[in-house]
Amino acid sequence: MGREDSHYRPQGVDGRKKPRPGSGSATGRVPVPEAHVPRAQEPAVDDFDPEATAPIVGSGEPVWRPPDADRSPELVATPAPAAPAVPGGSEPAAASAPPTPGGPGDPPAGPPPGYDPSPARRRRLPLAVLAVVLLFALVGAGLAVVRPGPVAGWLGDGKDTSRADAEVVEPDPTPVLAGPDAHAPEPTADGVKAAIEPLLAAPELGDRVNVSVSDVTTGRSLYSRGGDDATVPASVTKLATAVTVLAARGPDHRVPTRAVAGAAPGEVVLVGGGDPTLAVDGDGFYPGAARLDDLAEQVRKALGGTVPTRVTVDSSLFPGPVYGPGWDADIPTGGFGAAISALMTDGARVDPVAAKKNFEASHGWAQRSPQPDLAAGRAFARLLGLSGAAAEVKRGTAPASGGESTGAAPAPGAELGKVESPPMIRLVDMMITDSDNVIAEALARQVALARDQPASFAGGAAAMDIVLGELGLPADEITLSDASGLSRSDRISPSLLTDLIAIAGDGSHPELGSIFGGLPVAGWSGTLDGRYRSDGTTAGAGVVRAKTGTLTGVHAIAGLVTTADGRLLTFAVLADKAPAGSLDDTRRALDRVTSALARCGCR
């Protein structure tokens, strides 16, 4: 059974016995150059019994929370919680049916393909400047709540600021994490080896643990054990997805959903552009999402006296299989993955209202539509006032624009309306903080479109390789079958992961810095909230910030850590042959490794 870590949070190392006052996302100023991300404080997650909740088949790490009645649906800036500094530092009837065997969307049967474990070429990170240290130092101190430089434009506020508003000085948030010292002594390779190598022999990690540790300031590799070897990454794959889509599309890019006139008078073609967050109305799952009811109003005005007669959906932008190669057989119906289509609403969730209401108890599990484009089309038809046979929806292709109008009816292909997704900077933040698999797959297709590749699983992977090469990163150290990490065919080297983290923060590509906004803080937020509290791990609390990844038998963590001397390091630890049934123990073993880096000066 596949279990990706978007939402799966069992009791123990990754769960909580009780809600903890003040828990949630650590906030504060993060001077990622011109890439600050507004974030919302997160509520505590109640304890749960895995056997008593909805089937947890796909995964587990809820961080971003859908809005509730007591909170605005927008991602808004919040002051830092009052906390002491850390010492040391998817239709209902159809949805249950599995895909038809042999159909284009079937996940492949049989074991995952073999892979060549020989090491890829080695290379060094470029020398970092002092600004990198300052940048990462404050990345470890929390999330940004301001919008300097072009970020206000990226976020599309679209509002004029009065002089009075401009003169308001925002108070500095209370720091919740200790930052590193820019002048701290650099660890030595021998010191790092002595600190972590004995811990890598823990039986809970299995017999294949690949590791990369580097110094942020110098870019020097401090430890490598299979650092350039291809390893199953699970959900840490999303770090590569985030970096490549921000590089290819930019933080301000928005994904459109359009309605155009069909070939017959009154026919409306709903054209999907690949926005997985699109909502039907104000009860959508994602905050700030584009809405079909707004689009329907535009269409009615554009049609004038012409009465809508039928709706056709055009989801042809995303060709190929709808389920990823290498996905476990239970993922399509497991509630954490979905059929990937250019047209869907609410990440293909059948009932977004129930999904929000039950988010904590189900840990993000939701029934998904096996044909999300048709489900969206039926919802749109109802919004246009169609019913009965007229409300039946079929797939088709939008006519090319430029035809002639027939009387008062718009010409075939004429645009009748358009709505747009939140900006890319917000989509990436949601993907990372909530480890959202559907958003990840949609964003990889945006990379494909930007690099003239097919917007498919294969095309997305090829385009991500292209962008990584453009960034000067070794594309030969990553082989992807999907962009979410659900596929067991994915391979990434630990050293590429540490390179990704470094290039996102070295200031050379400021648009990439927003990936840090979603990284959980050890012992404080996200999937790391309930971790780093047992013996041998507490030193990492508050000074480790990382993306986690989990599939059955695969455990990974990659991020940043501040040493006891105040030095900032990047790390990636991937164990892809962990023993079955060792989830909590394996996570604790990983936490001991990163905590050892936090505890030592390693000199």
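Listed here are the residues, each with its yes/no results for (1) within 27 Å of the chain's Cα centre (by Cα); (2) closer than 17 Å to ALA279 by Cα; (3) part of a helix (DSSP H, G or I).
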residue	(1), (2), (3)
ALA329	yes, no, no
GLY337	yes, no, no
ILE340	yes, yes, no
LEU343	yes, yes, no
ALA366	yes, yes, no
GLY377	yes, yes, yes
GLY385	no, no, no
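Checked against the criteria, ALA398 counts as outside any helix (DSSP H, G or I) and either buried (at least 21 other Cβ atoms within 10 Å of the Cβ) or not small (Gly, Ala, Ser) (or both). Number of residues in region 333-361 that are open to solvent by 10 Å² or more (accessible area, probe 1.4 Å) and under 24 Å from GLY553 (Cα atoms) equals 1.
Residues in region 264-290 that are open to solvent by 20 Å² or more (accessible area, probe 1.4 Å) and either at positive phi or not assigned by the TED database to the domain that holds PHE359 (or both): GLY288 alone.
Taking the stated definitions as given, is ALA354 assigned to a helix (DSSP H, G or I), small (Gly, Ala, Ser), farther than 22 Å from GLY485 by Cα and at pLDDT 95 or above? Considered against the rule, which asks whether it is assigned to a helix (DSSP H, G or I), small (Gly, Ala, Ser), farther than 22 Å from GLY485 by Cα and at pLDDT 95 or above, ALA354 comes out as yes.
Does PRO372 fit the bill of being open to solvent by less than 10 Å² (accessible area, probe 1.4 Å) and closer than 21 Å to SER421 by Cβ?
Numbers: open to solvent by less than 10 Å² (accessible area, probe 1.4 Å): yes; closer than 21 Å to SER421 by Cβ: yes.
So PRO372 passes the test.
With the requirement that a residue be touching a helix residue (DSSP H, G or I) at 6+ places or on another chain (Cβ under 8 Å), in a loop (DSSP other than H, G, I, E, B) and open to solvent by 10 Å² or more (accessible area, probe 1.4 Å), what does region 527-540 give you?
SER534, GLY536
Looking at this structure, is PRO251 open to solvent by 40 Å² or more (accessible area, probe 1.4 Å), touching a Ser or Thr at 6+ places or on another chain (Cβ under 9 Å) and either in a strand (DSSP E or B) or not basic (Lys, Arg) (or both)? For PRO251, the condition - open to solvent by 40 Å² or more (accessible area, probe 1.4 Å), touching a Ser or Thr at 6+ places or on another chain (Cβ under 9 Å) and either in a strand (DSSP E or B) or not basic (Lys, Arg) (or both) - is not met.
All of (1) within 31 Å of the chain's Cα centre (by Cα); (2) surrounded by 16 or more Cβ atoms within 10 Å (Cβ to Cβ) hold for PRO410 with one exception: (1). Of the residues making up region 295-326, those that are buried (at least 19 other Cβ atoms within 10 Å of the Cβ), among the hydrophobic types (A, V, I, L, M, F, W, C) and out of contact with any Asp or Glu (no Cβ under 7 Å at 6 or more places or on another chain) number 7. Filtered by the rule that a residue be open to solvent by less than 40 Å² (accessible area, probe 1.4 Å) and hydrophobic (A, V, I, L, M, F, W, C), region 577-603 gives ALA578, LEU583, ALA589, LEU590, VAL593, ALA596, LEU597, ALA598, CYS600, CYS602. A single member of LEU512, LEU568, LEU574 is closer than 20 Å to THR433 by Cβ and crowded, with 24+ Cβ neighbours inside 10 Å, and it is LEU512. For region 209-228, a residue qualifies if it is open to solvent by 30 Å² or more (accessible area, probe 1.4 Å) and of a type in the set (D, E, K, R), and the qualifying residues are ARG220, ARG225. Taken as a whole, the structure places ALA261 among residues that are crowded, with 22+ Cβ neighbours inside 10 Å and under 26 Å from PHE318 (Cα atoms).
Go over the candidates ASP499, ASP476 one by one and state the one that is outside any loop (DSSP other than H, G, I, E, B), under 24 Å from SER224 (Cβ atoms) and touching a strand residue (DSSP E or B) at 6+ places or on another chain (Cβ under 9 Å). Being outside any loop (DSSP other than H, G, I, E, B), under 24 Å from SER224 (Cβ atoms) and touching a strand residue (DSSP E or B) at 6+ places or on another chain (Cβ under 9 Å) holds for just one of ASP499, ASP476, which is ASP499. Just wondering, is there one or more residues in region 203-215 that are at pLDDT 95 or above and among the basic types (Lys, Arg)? There is at least one residue in region 203-215 that is at pLDDT 95 or above and among the basic types (Lys, Arg). I'd like to check something: does region 299-317 contain any residue that is within 22 Å of the chain's Cα centre (by Cα), at pLDDT 95 or above, closer than 25 Å to SER487 by Cα and assigned by the TED database to the domain that holds VAL393? Scanning region 299-317 turns up at least one residue that is within 22 Å of the chain's Cα centre (by Cα), at pLDDT 95 or above, closer than 25 Å to SER487 by Cα and assigned by the TED database to the domain that holds VAL393. Would you confirm, using the coordinates I've provided, whether LEU486 is closer than 30 Å to ILE340 by Cβ and out of contact with any Phe, Trp or Tyr (no Cβ under 7 Å at 6 or more places or on another chain)? No, not satisfied.
For SER495, which of the numbered conditions (1) in contact with a Lys or Arg (Cβ under 9 Å, 6 or more places away or on another chain); (2) over 24 Å from ARG220 (Cα atoms); (3) among the polar types (S, T, N, Q); (4) open to solvent by less than 20 Å² (accessible area, probe 1.4 Å) fails to hold? Failed condition: (2).
The values are calculated or read from the model by the stated rules, or taken from the named source; none is laboratory data. Source: prediction; values computed, not measured. Note that we place each Cβ from the backbone using ideal geometry, even for glycine, and neighbour counts take in every protein chain shown. For the accessible areas, the whole protein counts, side chains as well, though only heavy atoms, and no ligand, DNA or RNA atoms are used. Shrake-Rupley method; radii C 1.70, N 1.55, O 1.52, S 1.80 Å.
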